[in-house]
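What follows is a single structure, written as structure tokens, with notes after it.
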Amino acid sequence: MADTLTTSSDTGVFTRDQVEMLSARKGEPEWLRQHRLEAYDRFAAAPMPTMREETWRYTDLGSALSFDAYEFAAETKPVTAIRDLPAVLVDEIEHADDYSGRMVQVDGSVVLRELSDELREKGVVFTSLDVAVQEHPELVRQYLGTALRPEEGEVSADTKFGDLNTAFASGGTFVYIPKGVRVEAPLRVWRTITRPGVAVFPRTVIVAEEEAEVSVVDQMVSADAEGGAFCAASTEIIGEELARVNYIPVQRWGNGTIHLSTDRVIARRDARVTSLHVTLGGALSRVDAQCRMEGPGSHVDLLGLYLAEGKQHIDHETLQDHLSPHAASNLLFKGALMDEGHGVFRGMIRVAPGAQRTNAYQTNRNLLLSNSARADSLPNLEIGADDVRCSHAATVGQLDKEEMFYLMSRGIPKEEATRLVVFGFFGEVLEQLELEGVRKDMYGLVERKLLRNRR
Amino acid sequence: MADPLLKITNLHAEVAEDGTEILRGVDLEMEAGKIHAIMGPNGSGKSTLSKVISGHPVYEVTDGDILFRGESIIDMEPDERARAGVFLAFQYPVEVPGVSIANFMRTALSAKRGEEVDVFDFHDELVEKMEMLGMEPVFAERSVNDGFSGGEKKRNEILQLAMLEPVLAVMDETDSGLDIDALQVVSAGINKIREQNSDMAVLLITHYQRMLNYIEPDVVHVMVGGRIVRSGGPELAHELEAKGYDWVKNEAGAEAELARI
Ligand SMILES: Nc1ncnc2c1ncn2[C@@H]1O[C@H](COP(=O)(O)OP(=O)(O)OP(=O)(O)O)[C@@H](O)[C@H]1O
Ligand SMILES: [Mg+2]
């Protein structure tokens, strides 16, 4: 198949040979090597996005991203003590106390992973994707690529980066929760990039079997550095019948980093999945998040919170894909934009013919905190069934003058009043999160960024 | 004689955006510990005056001055005025979604004291003041004014007053929206605050005598057309209630006629 595809764009350092080498070095089975190569060929054949395309109208990836500018992450050795991890992570990991398991990825490798014996004995798998391929090849084979599966041949700028991730995925996280097992405290993952100019490709696969429950918090943290890094991430979540999954990726890369994430959710009968995408870091961030309601009674909440400063560009592309009747999806993305920050949201609710009794909502709200900040919001509906309840709403607004006067008339200085309003604004999103500890952490991160911006 | 606490002279203010003049030469003097009432017909500029005292940016002072403890405050930001001791209980309190009363008040108190207030001390104090005003403690966790009834909003204003202990409390129609029982509770609360803080001056804007029965004014002013047209003792309020505003309006009109001649 490879030679029938014409390589349309410069792939820079991301060559087919590199895929072969990576797969060989990891000692992967043939099916996975093939899987990677097919993804690579699609990646190479897909055009670079341009602003002429509807889905990339407000995001100029072409001028920000050059495939020549990066190198592959080196493989890193395992670490036994937290204090031996990169400095940006040490404090944070030491202070995070509620978890059922911990995993740390440094550049291309997972260097630390822990899971309680109790959960291990119940059959829970929480490991790097690399290790899962060795230890649980059948599980990985069964699930990898089930939620992220571009239709063969149909390549486009929108499929390009999910495929890039599949081709070069390294490190990564594989979570498997057997039938009926409930993992109470969240599984916590930290990823970092140690040097500018490095490209990383974390792939997360979360499978919750029937009536299983799990929460995964995925922190992506790196220090600010001249010249950023590149992260092409991807996540697949499969919630089987009556499963309950919370997934919270928190993007806090250093300034300059480009982050592209392709995230897919499949919710089967009566499954309930909640994702919260928190975007605080990076220079340019684009999250392409889709959920498929494949089973009746499934319910997916797609939540998002973003806060931009400087010239940060934060783009979200979402799809709530209703394929079966009696399912619900609820999207709420809220962003605050400071300085010359730019937020982009493009959302779609698609209801297939036959997906009767769908409840689908989509709301994007933006708060502009400076005169140079900007937000573009484009909600959309495509409804093929007649007995549905769907709505979408989008707003771009400034701080309410009366609200600010009210707060200031109690002696609260302007910056602090702003912080309170922004907290209140994000509260609507964060209060939907069942995980109290994580919610507090998120308020803390928002506060830190607001305080830093004030200086 | 010592400086009055509040001295407003020839205050002119307009809507900054379009230059509509609303206050047309207000003169008012208040001493510490005194209660003044302002009455006057709808649209005469009472709320505008209260917001100009607090520094609402929508209005621009074009002439005159506001001296608070002898110093002009017209160039101060609203938060600076508040920390200096000015408090405004809003006629229409603003909803702040997602910000709890507890968080709001703790932030305000910390700003006023210049240091983080202790969470536990603060909480005890808040609960005590809520009890005094007949508010359920669960209110502390509710978003400020969000979905509150008219009466609840007004109580919440006085709760804030009780917490912040200002030197000058301007109350804009705190009585409207309160039922008879609530009016009694809130008035008793205000009197209690005054007992504890006898230097606090109150500028009470109202349309009705009923609140003045509980909180007896030392001076009553009548505002018409953006000016104080008449001042007198507590009996003036009774007179207004009996006769309506027409007679002061007519008098004011006649005065204006005379001035023009
Ligand atoms: N921001 C504004 N923009 C335009 N007009 C305003 C503004 N603020 C006040 N006004 C006008 O100024 C006049 C005085 O308003 P204000 O609210 O001060 O009256 P009031 O005496 O408090 O009335 P009420 O007894 O009804 O509360 C009104 O005609 C009002 O419409
Ligand atoms: Mg008024």
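The values are calculated or read from the model by the stated rules, or taken from the named source; none is laboratory data. In this text the structure is predicted, and so the values were computed from the model without any measurement. Here the Cβ is made from the backbone with ideal geometry for all residues, glycine too, and neighbour counts use every protein chain on show. The accessibility values were calculated without ligands, DNA or RNA, using every heavy atom of the protein model including side chains. Shrake-Rupley method; radii C 1.70, N 1.55, O 1.52, S 1.80 Å.
Some points to look at:
- Residue mean of other protein chain beta carbons inside 10 Å, A:394-406: 4
- Shape of the range A:55-153, Cα gyration tensor, a/c cut at 1.5: oblate
- Placing pseudo-labels 7 Å out from each Cα toward the beta carbon at A:ASP400 and A:ARG195 gives an inter-label distance of 5.1 nm.
- The loop-placed trypsin sites (Lys or Arg not before Pro) in the range A:326-370, going by DSSP, that have at most 16 neighbouring Cβ atoms within 10 Å of their Cβ come out as A:ARG357.
- Residues of the range B:78-101 buried by at least 20 Å² on assembly (accessible area, 1.4 Å probe, chain alone as reference): B:PRO78, B:ASP79, B:ALA82, B:ARG83, B:PHE90, B:VAL94, B:VAL96, B:PRO97, B:GLY98, B:VAL99
- Cross-link partners of A:LYS122 among lysines (Cα-Cα below 24 Å; sequence separation of 8 or more within a chain): A:LYS179
- Carbon + sulfur, % of accessible area of chain B - ligands and nucleic acids excluded, 1.4 Å: 46 percent
- Estimated FRET transfer efficiency (B:GLU251, B:VAL15; beta-carbon r; R0 25 Å; 0.05): 0.35
- For the pair A and B, total buried accessible area rounded to nearest 100 Å², probe 1.4 Å: 2000 Å²
- With 24 Å as the limit on Cα-Cα distance, the pairs of B:LYS46/B:LYS112; B:LYS7/B:LYS34; B:LYS112/B:LYS192; A:LYS401/A:LYS440 that go past it are B:LYS46/B:LYS112; A:LYS401/A:LYS440.
- Spin-label zone in the range A:267-302 - amide nitrogen under 13 Å from a point set 7 Å from the Cα of A:SER391 along the C-beta vector: none
- Added length on full extension, which subtracts the Cα-Cα distance from 0.36 nm per residue, A:GLU20 to A:HIS95: 23.0 nm
- Residues in chain B average 45 Å² of solvent-accessible surface per residue, probe 1.4 Å, ligands and nucleic acids excluded.
- Computed about the Cα centre, the dipole magnitude for the range B:6-260 is approximately 380 debye when only Lys and Arg (+1) and Asp and Glu (-1) carry charge, each at its Cβ.
- Given 13 as the ceiling on other Cβ atoms within 10 Å, longest exposed-site-free region of chain B for GluC sites (Glu not before Pro) in DSSP loops: B:117-261
- Net +/- balance of residues flanking B:SER100 in space, Cβ distance below 10 Å, scoring K and R +1, D and E -1: 0
- Shape class for chain A: rounded, because the ratio a/c of the largest to smallest gyration tensor axis (alpha-carbon atoms, square roots of eigenvalues) is under 1.5.
- Estimated 222 nm signal from helices in chain B, with DSSP H stretches of n ≥ 4 weighted -39500 (n - 2.57), rounded to 500: -12500 deg cm²/dmol
- Relative contact order (%) - chain B, alpha-carbon pairs under 8 angstrom, separation at least six: 26 percent
- A dipole drawn for the protein assembly as shown from +1 and -1 charges on Cβ atoms has a positive end, and of B:VAL58, B:VAL229, A:ALA232 the residue lying farthest that way is A:ALA232.
- Built amide H within the under 5 Å cut-off of B:GLY64, gap 5+: B:HIS12
- For chain A: relative contact order, % (alpha-carbon pairs under 8 angstrom, 6 or more apart): 9 percent
- Cα→Cβ-extended label distance, 7 Å offset, between B:ARG113 and A:ARG83, nm: 3.7 nm
- Number of partner chain Cβ atoms within 10 Å, mean per residue of A:417-426: 4
- With contacts taken as Cα pairs under 8 Å at a separation of at least 6 residues, the range B:150-261 carries a relative contact order of 21 percent.
- Residue-normalised accessible area of the range A:61-159, expressed per residue, 1.4 Å probe, Å²: 53 Å²
- Rounded percent of accessible protein surface that carbon and sulfur make up, chain A, 1.4 Å probe: 46 percent
- Cα shape, the range B:1-105, gyration tensor, a/c 1.5 rule: oblate
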